[in-house]
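*Asks:* Encoded as structure tokens, here's the structure I'll be asking about.
Read-outs: derived from the displayed coordinates by stated rules, not from any lab. Just so we're clear, the structure is a prediction, and the values are computed from it rather than from any experiment. Because the Cβ atoms are built from the backbone with ideal geometry, glycine has one as well, and the counts that use them run over all protein chains shown.
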Amino acid sequence: MSADLILALKPEVVRTLDAMHVAIKVIDALVLLRREFGLQRVKPLWPVRMDLA
């Protein structure tokens with residue numbers, strides 16, 4: 001037996017989830033660079049502010 005789950009999300013929740021998804025992809029890429037290529041430190045080229053709360 002299968003069931004579908006339908007969620008109605010407010011637009012600000014969708015934007016927050018989308019930002020979190022992008023942040024997770026960036027973190028995954030940095031972990032890969034650290035593990036495979038010995039990346040030690042990252043310095044952003046522009047100020048970064050993440051308010052996910």
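*Asks:* Along the Cα→Cβ direction, 7 angstrom out, place labels at His21 and Arg34. What is the inter-label distance in nm?
*Replies:* A separation of 2.5 nm, rounded to one decimal place.
*Asks:* Report ³J(HN,Hα) in whole Hz for each residue of the stretch 29-42, in order, from the Karplus equation J = 6.51 cos²θ - 1.76 cosθ + 1.60 where θ = phi - 60°; Gly and Pro get x.
*Replies:* Here the 3J(HN,Hα) series is 5, 5, 4, 4, 5, 5, 5, 8, 10, x, 4, 9, 8, 10 Hz.
*Asks:* Next question, about the same structure. Output the peptides 15-27, 31-43 sorted from most to least packed, where packing is the average of other Cβ atoms within 10 Å over each peptide's residues.
*Replies:* Details: 15-27: 11.5, 31-43: 9.1.
Top of the packing list down: 15-27, 31-43.
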